[in-house]
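The values are calculated or read from the model by the stated rules, or taken from the named source; none is laboratory data. Note that the structure is predicted; figures quoted are calculated from it, not measured. Cβ placement follows ideal geometry from the backbone for every residue including glycine, while neighbour counts extend to all protein chains displayed. These accessible areas exclude ligands, DNA and RNA; they are computed on the full protein's heavy atoms, side chains included. Shrake-Rupley method; radii C 1.70, N 1.55, O 1.52, S 1.80 Å.
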Amino acid sequence: MATAETDQLEALSGAKPGEVEHADLDNFEHGFPPGFGPGGWGLFAYLTALAFAAFQIVISAWNILPSQAARGIHVGFLLLLTFGLIANFRARDTAGRLLGWVLGLVGFAVGLYQWVFYADLILRDGDPSTADLVVGTLLIVLIFEAARRLMGNALPIMCGACLLYWFFGQYLPAPFNHRGYGFDQIIGHLSYGTEGFYGTPIYVSATYIFLFIVFGSFLEKAGMIHLFNDVSLGIFGGTRGGPAKVAVFSSGLMGMISGSGVANVVTVGQFTIPLMIKFGYRRSFAAGVEATASMGGQIMPPVMGAVAFIMAETLGVPYAEIVKAAAIPAMLYFASAFWMVHLEAGKYGLKGVERALLPSPLKALRERWYLALPLAVLVFMLFHGFTPLFAGTMGLALTVGLLLGAGFVAGLSSHTLRLIFWVGLGLVAAALFEEGLDVRYVAALIALLVLINAFTLGGRTTLAICRDALADSAKTALPVGIACAIVGTIIGLMTQTGIGTTFGAWIIGLGQSSLFLALILTMILSILLGTGIPTIPTYIIVAALAAPALEKLGVPLIVSHMFAFYYGIMADLSPPVALAALAAAPIAKENPDKIGWEAMRVALAGYVIPFIAVYSPALMLQAGDPMADLIGFWPAVVYAIFKASVAIGLFGMVAIGWLFGRLTLLERALCFVAAVLLFGEFAYSDPLGYLLAAAIVARHWFASRSAAPAAA
């Protein structure tokens, strides 16, 4: 529940609580409009979404289906709900909606085929029947069409080009040709194997990703966004340029649970962007700040984005290792955005919010501290050997328990009874934890709370909120799931033809003369791919092509994959597409291209963090840092953080043109040179970078001190 101070600020900024802009009806990559469509069609979509969410939670909690069958049904639900919802929102008549749902039902039947004929498909692996080939071909057509309708033409065209190469690549000249594959081999590999549509990305979508989307949705319904906003406003709202700092900090906190950049923009941004504009920030800059901070949600532990789960499965490492590697760079990313808005506020003399309007962060934490419990439990379990699937299930169960408990006690008039209930619920939860968190007992406790809530007015309202959260989670999962499915085309192509080896050999050849050039090439590839397709396929393509080559050049494996991941995110801030900027544009009422360029400027320091991590792997808590051999591992970590912080500070000065006063063009150019020296690896690069940076800052400080009395 929002505080009175937050309500005042929402009124001041012009934002409406819970208001979300309608999605673009020509492209649903950013999400669907509110609701599920008109009349009975909408009700059918809503019930389908509930069935989808219920299925996913059941297979997450209990291993009741073979993995391949679970993946097939997951894809079936994705196709059913995608075609159905798009028809509900876009079709103009009953015939159009009926056609959409028919296509969806065919897609569901195709996915169900994996379960119904599971044993038969195993027995005839490598020798598909005619029915197998028909169903497999139909699956290809439906996935491509669903991706086209959901995300536009870029990704289907790219995957379609890969499919054409797969079928006809034997006719190309060496070294780009392959030996040639029959129709049955390609269909079997793509539509029935575990290295095509049903490969690692769709496995991750069917398990971790969906579960954590539900987890974030329930935390949001529990009031986590308001808690984050109150804490952020209370700490930073009154400082210089406070509203922009609130946007960065609040988006960073929100990113811990959502793992989605666009989702952050359309939730947190509804409040922060108008507030920044109201307090003097330019519209494009305000939206650029929110877009930059929101995209950082994909690299912010503990939940992070879908790519982190895919990365863990691809590398075969515990998810906790990915979290550890991402933690310091994520904090530096948000620190860089924070630094940028601080400098911008100084440059234009922007003030903070009046203290009287600000909520108390301590009061907010004192009243709603329990909302942080699910996150704390999740982090604890991830770092104590539990799988992300189990940890996410328990975190979700705790969140649901808190929501249902709050719904029940709302109907109790006695404070003593409320206290007894919460203490009792806490003791039961502690007992379940002590006994090993048997999923059956946890499910029984949730069922009991549901039953109790069904008999009170406030409880029934809470049950409706939980039901809506489940349905909305299924809708949110569609773009991610369809992207995970269609990118299986590229994975299947590379695993069967080995074309990735050719590109990898090229990068290795380039890197033998200069690792820096190989990194620049990989960065450009990630950004170019990411301007047209989502982060997930961008990461998968670049990781398959470039990451193994970078590893052979001495870059630690996790660092090479994180390198590809980071620049896939940066692509969402880069024009001409700039997906995060597109999401922020309607809120700021500003041109998306202007927002994209401002976002790139705010995120400029973030572009260098992966480079520093390559040359100083201790920044990602990885072995192989040259400084670790000289001073030890943890001192090397401290040094890497210091080095990255100085480079970030310099890039902020370059981008904004301000420190103690306005920087001259020469000073900005010298700051850029110093920053490049710090993130590169040249002879004496670090000492030269530090000396140049110190000289520039000292000279600028003295010049500013001298100018101040003269101005007075």
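Which whole-Hz ³J(HN,Hα) couplings does the stretch 143-148 yield from phi under the Karplus relation 6.51 cos²θ - 1.76 cosθ + 1.60, θ = phi - 60°, glycine and proline marked x?
Each residue's phi maps through the Karplus curve to give 5, 5, 5, 4, 5, 5 Hz.
Take the alpha carbon atoms of the stretch 263-304, find their center, do the same for the stretch 52-88, and report the distance between the two centers in whole angstrom.
Answer, in whole Å: 32.
For every other residue with a beta carbon closer than 14 angstrom to the beta carbon of Pro301, add +1 if it is Lys or Arg and -1 if Asp or Glu, then tell me the sum.
0
From the square roots a ≥ b ≥ c of the eigenvalues of the alpha-carbon gyration tensor of the chain, which class results: rounded (a/c under 1.5), prolate (a/b over b/c), or oblate?
oblate
Please work out the FRET efficiency for the pair Leu427 and Leu357, using the Cβ-Cβ distance as r and a Förster radius of 60 Å; give the result to the nearest 0.05.
That gives a FRET efficiency of 0.90.
Would you grab the residues whose amide H sits under 5 Å from the one on Trp658? Only those 5+ places off in sequence or on another chain, please, with H modelled 1.01 Å from N.
For Trp658, whose amide H was placed from the backbone, the distant partners under 5 Å are Leu663.
If packing is taken as the average number of other Cβ atoms within 10 Å across a peptide's residues, how do 69-77, 120-128 rank, most packed first?
Taking the mean over residues of other Cβ atoms within 10 Å, the ranking is 69-77, 120-128.
If packing is taken as the mean number of other Cβ atoms within 10 Å per residue, what is the order of 363-372, 81-90, highest first?
Put in order of decreasing packing, that is 81-90, 363-372.
Is the C-alpha gyration tensor of the stretch 269-411 telling us rounded, prolate or oblate? Criteria: a/c under 1.5 is rounded; beyond that, a/b larger than b/c is prolate, otherwise oblate.
Oblate.
Net charge near Val637, counting Lys/Arg +1 and Asp/Glu -1 over other residues with Cβ under 14 Å of its Cβ?
That sum, taken over residues with Cβ under 14 Å, equals 0.
Using 1/(1 + (r/R0)^6) with R0 = 60 angstrom and r between the beta carbons of Ser129 and Leu528, what's the FRET efficiency to the nearest 0.05?
FRET efficiency, Ser129 to Leu528: 0.90.
By how many nm would the segment from Arg90 to Ile631 lengthen if fully extended, with 0.36 nm per residue of separation less the alpha-carbon distance?
Extending this stretch completely gives an extra 188.6 nm.
All other residues with a Cβ under 12 Å from the Cβ of Met254 taken together, and with Lys, Arg as +1 and Asp, Glu as -1, what is their net charge?
-2
Give the residue from Ser217, Val377, Met276 lying farthest towards the positive end of the charge dipole for the chain; charges sit on Cβ (+1 for Lys and Arg, -1 for Asp and Glu) and the dipole is referred to the Cα centre.
Value: Met276.
Using the Karplus equation 6.51 cos²θ - 1.76 cosθ + 1.60 (θ = phi - 60°), what ³J(HN,Hα) coupling, rounded to whole Hz, does each residue of the stretch 398-405 give in order, writing x for Gly and Pro?
5, 5, 4, x, 5, 4, 5, x
How many angstrom lie between the Cα centre of the stretch 325-388 and the Cα centre of the stretch 157-193?
47
Could you check the spin-label model distance between Arg282 and Trp701? Points 7 Å from the Cα along Cα→Cβ, value in nm.
3.0
Phe660 to Asp593: extension gain in nm, 0.36 nm per residue of separation minus the Cα-Cα distance?
21.1 nm
Could you give each residue of the stretch 637-643 its phi-based ³J(HN,Hα) in whole Hz, using Karplus coefficients 6.51, -1.76, 1.60 with θ = phi - 60°, and x for Gly or Pro?
Computed from phi, the couplings for the stretch 637-643 are 4, 4, 5, 4, 5, 4, 4 Hz.
Roll a 1.4 Å probe over the protein chains and send me the accessible area per residue for the stretch 563-659 in Å².
Heavy-atom SASA per residue in the stretch 563-659 reads 31 Å².
Accessible area per residue of the stretch 115-179 at 1.4 Å probe, in Å²?
57
Give me the one-decimal nm value for the distance between modelled label points at Ser414 and Ile452, 7 Å along each residue's Cα-to-Cβ direction.
With each label point 7 Å from Cα toward Cβ, the separation is 1.5 nm.
Carbon-plus-sulfur fraction of the accessible area of the chain, 1.4 Å probe, in percent?
Ligands and nucleic acids excluded, carbon and sulfur reach 68 percent.
For the stretch 581-691, restrict the atom set to alpha-carbon positions and state the Rg and Dmax in Å.
16.7, 53
Taking the simple approach of a point 7 Å from Cα along Cα-to-Cβ for both Phe383 and Ala444, what is their distance in nm?
3.3
What chymotrypsin sites (Phe, Trp or Tyr not before Pro) in the stretch 164-226 are in a loop by DSSP, with at most 11 other Cβ atoms within 10 Å of the Cβ?
For chymotrypsin sites (Phe, Trp or Tyr not before Pro) across the stretch 164-226 that sit outside H, G, I, E and B with at most 11 neighbouring Cβ atoms in 10 Å, the list reads Phe176.
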